[in-house]
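Participant: Starting off with a structure, shown below.
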Amino acid sequence: MGILSKPRRKRVWYQALGALGINAWLPNWLTGQIYQGKIKGVCVPVLNCYSCPSAMGACPIGAIQTSFASVRLNLAAAEAKFGLYVIGFLGAVGSVVGRMPCGWLCPFGLLQELMHKIPIPKLKFPRFLSYFRYAFLAVLVVGLPLLIVDQYDLGQTWFCKWVCPAGTLEAGIPLIVLNAGLRGLVGFMYYWKVALLVLFLGLMTVSRRPFCRAVCPLGAILGLFNKGSLFRMAVDDEKCTLCKKCEKDCPVDLRIYESANSPDCVRCLKCVESCKFGAISYDFLKRHEVAEDLRARKEAA
Amino acid sequence: MKRRLPWVLLTVFLGLMVAGLLLGEYKAVLEKAVTVCLDCIGIG
């Protein structure tokens, strides 16, 4: 059995540990300050706002927007800084595991899965909306920060400013509640972001991981590596009976039997657990694990 | 057949990361990360 055979059955604990590990500086929740240690320049492979009071690392989407927003200012000052550190970090993570951090470590992913457990009628998430996350990436994370600058040649972090509900939940609301000095600055933008967060919380209860699938620019980046990463999923067409149990259990409604390394897959490995015909497997370096073929076991018995 | 693509990608992106570090980008990310991001919290 592979390295992930047992952990995947307790994935929610890994997600909780990931959320806690990335946000381990808990005393700041009492003071309303943010962690300011020297290790905070290290990027984390998930969407986690660096203004969350306890965040110990840098959000790569915030960091990359800041880098792009500063490119023209840096060039004007003859400084060659293009965001290579963050781009390299994301590419390196993607090359090894693809979108796996979304399924195992992301606090906002965990929140979406927990919200979806609320027992109310569910809706199918329209598949075409999955393409929207590339638009968010191209326009708000890359395009506008690079193209629209102020009189000092400095751009803005458009995704953080106008969309990111993780920032509102992890930083916006806590800091406004805990820090009286910031409370006086609340205005239209704050209410807009809180309204968006409420909208996403509502969507999470009725459909699976709506933010990851339609909006998250980090998922869009890491997902592009799914087909070319060291970690690989595979489906054996001869064993697959198209029972669709994997799709039913998948946290992103993925039809893995159509595309084993789809950019939508968060590699939670729930399908490896679900498949009773030994059709789904993964490879990582020298490790290989196949879903247990209960049919073959029954026939053998 | 041994797949080379992931190793090529990993090498290229690690190279980019190191180049960024050598250009001082870690400090730039750190400076942003230790300051309250007003945009992120909706008051920027």
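Participant: Quick one: which helices (runs of 4 or more DSSP H) lie wholly within chain B and hold at least 1 residues that are within 30 Å of A:L182 (Cβ to Cβ) and free of Cβ contacts under 8 Å to residues at least 40 places away in the same chain?
Facilitator: In chain B, B:25-33, B:38-41 are the helices (runs of 4 or more DSSP H) which contain 1 or more residues that are within 30 Å of A:L182 (Cβ to Cβ) and free of Cβ contacts under 8 Å to residues at least 40 places away in the same chain.
Participant: Hey, among A:F82, A:F68, which residue is surrounded by 18 or more Cβ atoms within 10 Å (Cβ to Cβ) and either modelled with pLDDT under 95 or not in a helix (DSSP H, G or I) (or both)?
Facilitator: A:F82
Participant: Of all residues in the stretch A:229-275, which are surrounded by fewer than 17 Cβ atoms within 10 Å (Cβ to Cβ) and within 14 Å of chain B (Cβ to nearest Cβ)?
Facilitator: Passing the criteria: only A:A234.
Participant: Could I ask something else about it? Return yes when A:V12 is of a type in the set (V, I, T), part of a loop (DSSP other than H, G, I, E, B) and in the same structural domain as A:E170 (by TED's automatic domain parsing) and no when it is not.
Facilitator: no
Participant: While we're on this one: Can you pull out every residue in the stretch A:247-263 that is touching a residue at least 60 places away in the same chain (Cβ under 8 Å) and either in contact with a strand residue (DSSP E or B) (Cβ under 9 Å, 6 or more places away or on another chain) or farther than 16 Å from A:W104 by Cβ (or both)?
Facilitator: Residues satisfying the conditions are A:D253, A:N261, A:P263.
Participant: Then there is this: Residues that are in contact with a Leu (Cβ under 9 Å, 6 or more places away or on another chain): which strands (runs of 3 or more DSSP E) entirely in the stretch A:216-301 hold 2 or more of them?
Facilitator: Counting at least 2 such residues, we get A:280-284, A:287-290.
Participant: Here's something else I'd like to know. Residues that are touching a residue at least 40 places away in the same chain (Cβ under 8 Å) and closer than 30 Å to A:A78 by Cβ: find the helices (runs of 4 or more DSSP H) completely inside the stretch A:102-177 holding 2 or more of those.
Facilitator: A:144-147, A:158-162
Participant: Assess whether A:L197 counts as being in contact (Cβ under 8 Å) with a residue 24 or more places away in the chain, in a helix (DSSP H, G or I), under 21 Å from A:V46 (Cα atoms) and within 22 Å of the chain's Cα centre (by Cα).
Facilitator: yes
Participant: When you scan the stretch A:19-46, how many residues do you find that are among the hydrophobic types (A, V, I, L, M, F, W, C), assigned to a loop (DSSP other than H, G, I, E, B) and either away from every other protein chain (no Cβ under 11 Å) or more than 19 Å from the chain's Cα centre (by Cα) (or both)?
Facilitator: Residues that pass the stated criteria total 5.
The values are calculated or read from the model by the stated rules, or taken from the named source; none is laboratory data. All values reported here derive from a predicted model rather than from experimental measurement. Cβ atoms come from the backbone with ideal geometry, glycine included; neighbour counts cover every protein chain shown.
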